[in-house]
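Reviewing the structure listed below.
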Amino acid sequence: MIKNVALLLLCVVMGTQGLFAQEGHHEEETTEHGRHTLALYTGFTHNAGSYFSHETKEKSTGRWVPTIGLDYFYNLCKKLDVGMMADMELEEYYVDGEHNEREYERTNALALIAVGKYEFTESFGIIFGSGVEFEFKKDIETETLWVSKLGIEYEVHINNGWAIAPSIIYDYKYSEDLSFSAFSYGFSIGKRF
């Protein structure tokens, strides 16, 4: 799976090499409303193989947890943005380790991801990036995870630089002892300035 994500990212990067040479200026909306975008995200994340404390792992296919986030993007050229996505899962759940019998508790996990966004059209784009996920807990050993992110987004421009963007995102979370997949769906409300 990691090889597939890496191959897809390589294809996107290679496909954008000629983009910088061809772009002489930004479209009117970018210059009119600025190059920065700040957005609030809300949605749900399905963590495969996770379960709540009152369940057993044998009967669990994963859990949906509410997720909120804050996204920042900087527009490099007409079709390419770079930025950061900070997402927080608002739930406590458990995941089993791959190489041991240990049960890992995940509580209000916060993911900080450096991302790129390539826009195929004015509204449709692909999001890709990587970063870390960690927790703020005292007295309990926590597991920091590396995260690879890949998703699609459809941005609906409203007015005066405002937009609503529904998205579907796949995250692969991994560390030395733990790895699992997560799917997110939700939408963000953002303002270009």
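General observations
- Residue match in the range 114-127 (condition: of a type in the set (S, T, N, Q), surrounded by fewer than 18 Cβ atoms within 10 Å (Cβ to Cβ) and touching a residue at least 60 places away in the same chain (Cβ under 8 Å)): no
- Inside the range 45-78, residues that are surrounded by 14 or more Cβ atoms within 10 Å (Cβ to Cβ) and either in a strand (DSSP E or B) or at pLDDT 95 or above (or both) make up a count of 17.
- All conditions in (1) surrounded by fewer than 17 Cβ atoms within 10 Å (Cβ to Cβ); (2) of a type outside the set (S, T, N, Q); (3) over 12 Å from the mean Cα position of the chain (by Cα) hold for M84, with the sole exception of (3).
- In a residue-by-residue description of the range 3-19, the property of being surrounded by 14 or more Cβ atoms within 10 Å (Cβ to Cβ), modelled with pLDDT of 80 or more and hydroxyl-bearing (S, T, Y) applies to no position.
- Residues that are farther than 12 Å from Y41 by Cα, part of a strand (DSSP E or B) and not acidic (D, E), drawn from the range 79-91: L80, V82, G83, M84
- Look at the range 134-156: where a residue is over 30 Å from F120 (Cα atoms) and free of Cβ contacts under 8 Å to residues at least 40 places away in the same chain and a partner is hydrophobic (A, V, I, L, M, F, W, C) and part of a loop (DSSP other than H, G, I, E, B), sitting 6+ places away or on another chain with Cβ atoms under 7 Å, you get E135/A109; E143/L178; L145/L178.
- Test result for E105, surrounded by fewer than 19 Cβ atoms within 10 Å (Cβ to Cβ), in contact with a strand residue (DSSP E or B) (Cβ under 6 Å, 6 or more places away or on another chain), free of Cβ contacts under 8 Å to residues at least 40 places away in the same chain and of a type outside the set (K, R): yes
- Flag if G161 is in contact with a helix residue (DSSP H, G or I) (Cβ under 7 Å, 6 or more places away or on another chain), over 19 Å from G43 (Cα atoms) and in contact (Cβ under 8 Å) with a residue 60 or more places away in the chain: yes
The values are calculated or read from the model by the stated rules, or taken from the named source; none is laboratory data. Quick caveat, the model's predicted, so the values are computed rather than measured. Backbone-built Cβ (ideal geometry, glycine too); neighbour counts: all protein chains shown.
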